1. Look through A:445, A:470 and report the one residue that is modelled with pLDDT under 90 and small (Gly, Ala, Ser).
2. Answer yes or no as to whether residue C:75 is within 28 Å of residue A:189 (Cα to Cα), more than 7 Å from chain A (Cβ to nearest Cβ) and at pLDDT 90 or above.
3. Which one is least open to solvent (accessible area, probe 1.4 Å) among residues in region A:374-386 that are within 9 Å of another protein chain (Cβ to nearest Cβ) and in contact with a Phe, Trp or Tyr (Cβ under 8 Å, 6 or more places away or on another chain)?
4. Considering (1) at pLDDT below 90; (2) closer than 19 Å to residue A:178 by Cα; (3) open to solvent by less than 50 Å² (accessible area, probe 1.4 Å), say which one residue C:92 fails and leave the rest.
5. Can you report the number of residues in region B:429-457 which are open to solvent by less than 80 Å² (accessible area, probe 1.4 Å), within 26 Å of residue B:384 (Cα to Cα) and touching a residue at least 60 places away in the same chain (Cβ under 8 Å)?
6. Can you say whether residue A:332 is surrounded by fewer than 24 Cβ atoms within 10 Å (Cβ to Cβ), in contact with a Leu (Cβ under 9 Å, 6 or more places away or on another chain) and within 14 Å of another protein chain (Cβ to nearest Cβ), as far as the supplied structure shows?
7. Test of understanding: among A:62, A:24, which residue is under 21 Å from residue A:137 (Cβ atoms) and more than 20 Å from the chain's Cα centre (by Cα)?
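The values are calculated or read from the model by the stated rules, or taken from the named source; none is laboratory data. Predicted model, so just to flag it, every value in this text is computed and none were measured. Positions of Cβ are generated from backbone atoms using ideal geometry, with glycine treated the same way; all protein chains shown enter the neighbour counts. The protein model used for the area step is the full one, side chains on, heavy atoms only, and it has no ligands, DNA or RNA in it. Shrake-Rupley method; radii C 1.70, N 1.55, O 1.52, S 1.80 Å.
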Amino acid sequence: MTDFLDPLPWLIVLPLAWGTLAFVLGPGRGGRLAVAAIALQGALALQLAGQLIDSGARVYAVGGWGASLGIDLMADGLAVVMLLLTQAVALPLAVYARGYFAASPKGRELFWPLTGFLLAALNALFLSADLFNIYVTLELLGLAAVGLVAIAGGTQPVTAAMRYLLATLLGSGAWLLGVALIYGTYGSVSLAVLTPLIHSGAPLAVPLAAALMLAGLLLKTALFPFHFWLPPAHGGAPAPVSALLSALVIKATFYLALRLWLELFLPLTTVAAAQLLGALGAAAILWGSVLALMQSRLKMLVAYSTVAQVGYLFLLFPLATQVPPAAAESALAGGVMQAVAHGLAKAAMFAAAGSMIVATGRDDIGHLGGVGVRLPLTLFSFGLAGVTLMGLPPSGGFSAKWLLLGSALETGQWWWVVVMIVGGLLTAAYVFKVLRRAFLPRAAGDRVARVPRTLEFSAFALALASILLGLFGAPLLELLAVGRAA
Amino acid sequence: MSDPWLPAMVVLSSLLPGLIIFFLAETRIRLRTTLNLTGALVKLGFIGVMLWGVQNGREYVFRHTVLPGIDLVLHADALALLFVTLSAVLWLFTTLYAIGYLEGAPNRSRFFGFFSLCVTATVGVAMAGNLFTFFLFYELLTLATYPLVVHRGTDKALRAGRIYLAYTLGGGALLLIGTVWLYGLAGQVDFIQGGSLSALPPEAAGQLQLIFLLLIAGLGVKAALVPLHGWLPMAMVAPAPVSALLHAVAVVKAGAFGIVRVVYEVYGIEFAQSLALLLPLAIAASITIIWGSLRALFQDDLKKRLAYSTVSQVAYIVLGVSLFGPIGTIGGLVHLVHQGIMKITLFFCAGNYAETLGIHKVSEMDGVGRRMPWTTLAFSLGALGMIGVPPLAGFASKWYLGAGALEAGMPWALAVLAASSLLNAAYFLPILHRAWFKPANDAWPDEKIPQRGRWETAPLLLIPPLATAVATLATGLFAGAAFSPLSWVELIAVREYLAWIP
Amino acid sequence: MSAALLYALTGAALFAIGLAGLLLQPHLLRKILAFNILGSGVFLILVGLGQRDGTIDPVPQAMVLTGIVVAIAATALALALARQLLDLTGQMRLPEDRSDAEPVDD
């Protein structure tokens, strides 16, 4: 009976169940059910984190079948950190979405079921222990995300969804081809079985598979130059959807890239490939920030900011490849901290942007005047999220930047220091572009309505979390270290 | 309440009221004022307790681990309390002044919210126990002051705000690189008397010099060292209380105070001397002193003249720090306090002239001494103090700085001080002459507050400058008394140098 | 040349054809068909390489079955979106990427 109470399977079953139920119940009751269920998922994720801290990483055999025939679930520190992030972002966003869809109901019928499937896919992906299972979760994640982009209808969102769908299908196609090559070589798809088998002298099919899988993930993570699909998809969807996608969905594929690089394909990694990934990240930071600065629509600005922030995640690869273990651990901690901080802050930022758009009735930075007076808490949340993205203290973004800078200086890779500093200043430029406008008095002819309190407070909760992460991030790093060879 | 919480309470006593004030409706004036003043008084109470304790050899340290190997440390030592007390006392006066100054203006909740955050950041800077904590509050200060600079929302204010951000965030980035590099090299460097870096192997000397350059450049932006001073005169577009407290005291002092910490308590004065870092710093400070004074001479805008004067005067502190020897240290540190009191008086008065009569320019000040005698008296005390006329506060600073220069074997610094004093006289005395001795023009530019009986302007505008002017006189006259800035600084200098004098 | 390799090479060729179609064909139906060809190529490789010494390995067969289900779901979603796009724009192709300049829809 203890098995029945294990949090691992429930983290996947629960969202699937409430997603399906929400389809039947409709958006009103479905939304309430979702909020309650996500809170429960959060408690389960915390319970799991406690188990890990106490007794280390763990494996769960679904239905008791065991690997090769059955499906294994695996939870180590990295996976549980991502699980915690997912539930922590999803709960305030669910509260937010209830208020948001009450104010602008387009697409509310399909939001809750698709979000349930999206969260189930995310949780399953983080817990998957084999490559094929990951493929299935990747596809479920992609289809749910594409569906969410399209729920509001309209030419721009549907076009964006179509483009996103083609990109994500191509990405998972590449992943599956890689899985086929791996299975053909080793006769297994289990991460635990494969990891000791792969070594630097592996047959050509293996590095080819690694390259294909990684390329598929980069496409899905929207790393420069594969970012073309992201801004229209994230900028065109309803605000709660944009927030879910920017905060969580691209993190899932980043998480996989990290696992492949640091664990499965570690013997195959080279400094040159790592530097290439870092260079793409640097290009993303600069290009995304400059384009963000040029946007006149608020949500497009935030979406391009995501393109830029994804770049920071990939700086971790050159900083963790073939360097002293201490520097590599610090880089990993910095990269994961960045993923978590960005997840919280970007969700807050999209949520705040959504409130401003609801209030002003238009998505235009030039007409934000008066927002500071009418929606001070929302603007404050946007500002706090901006502080995290800029990497200013005290915030999770700052802790991440500190760790990454430290590891760059320690390994003598000063060029990444320059990239991070310039990126931070560019981020400040586009964040203050918004704040400055919102501080101005309302222009004649513009309107700024009030928005429901839940919109303001849920965005603030996310922003505050991204700040507090900077002051209380130590336990998260302790959790991250569980299951990693010291 | 246990000791470690006292420094944290000092920070919270302005943070919490500030956060509450943000969300108060504009019309809740009474509640807002109560919160502001209660915060200021409670803070002073906590500081008083700690002053007593530190005088008697106690230590107050609050420590919280943020990341493995990185702690947030608030440490109330004698040096911290010098700056904390200055900011907290002046915060009280400035809050009173701002309540009068902004009466009836829009967006006051926002203003006072950010104003409280600024003070929070300043006391945090003062009590930071290591470079990480210092950086944290240093950047918070940037973020909290920006909305105050652009408070009026005019194009000019927005432009000034942009430049302000570009300078301060750029400086912050340099400081961050220097700090992270230093942590990588030496681990967590807490501020301790005498510094801790001299234990590093001699091969690190080159890196340490480079790090010093990064740190000083990052701090020099806020301290307005030439050529990093461009933001300060532009930021004068902010409302007068902001110029008075923040740009004359908090922000520039945060930079100068950081330089003090880096030289004395990270590198250690002797080690800095052995790395040949002090002479370049002294030269940079001297250039700033002369350049600021020269530029002040040619400003007709009163606030801009005062701003350039700030550029010049803050560099006195840096000069004092870079003079190798306890007397120079005393001169530099005591000027941190004295300059703050004198300059805030001058800015309060400038604000009074602008608010009462619409006077913004020196050329409009003819005969203002007869219309506003009390304000002009306060202004005169501040100005004469700046020049260094005995027995005002500025005299004590300059005396110790000069003696310190001789002790350190840098007689040329004495020449810098003399030249700067002459320049001070050259840009302040004509103002006093106009105000007291020239006949008034037919009408003031824009008289907003009429004379009411004895009150030449609103009481809340007049009392703070008079109080700080009296302080200018008192800190000079009673420099030898217990708990005076000078005797407190002597206590610091003794502890700072005892650490390495065998 | 072993049978396994033959399957794999054919699969790779199908994958390449599908990839080219997905990237180069502007018509949405062709893109969707191209994705299915690409998928079939991968399935062929999975089954082909999965054979050991002539005996059939059941695991890749199960994977391909799952993969086909997923591909059908993806195709259905793609067709639904394409249909919606046709209703909205009267075209079966993606409009030029002008997302930066586009006005707000609602």
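1. A:445
2. In short, yes.
3. Among them, the one singled out is A:377.
4. The failed condition is (2).
5. Counting residues in region B:429-457 that are open to solvent by less than 80 Å² (accessible area, probe 1.4 Å), within 26 Å of residue B:384 (Cα to Cα) and touching a residue at least 60 places away in the same chain (Cβ under 8 Å) gives 9.
6. So residue A:332 fits the description; yes.
7. A:62
The rows are residues; the columns are (1) β-branched (Val, Ile, Thr); (2) at the interface with chain A (Cβ under 9 Å from one of its Cβ atoms).
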position	(1), (2)
B:126	no, no
B:129	no, no
B:136	no, yes
B:157	no, no
B:164	no, no
B:167	no, no
B:177	yes, yes
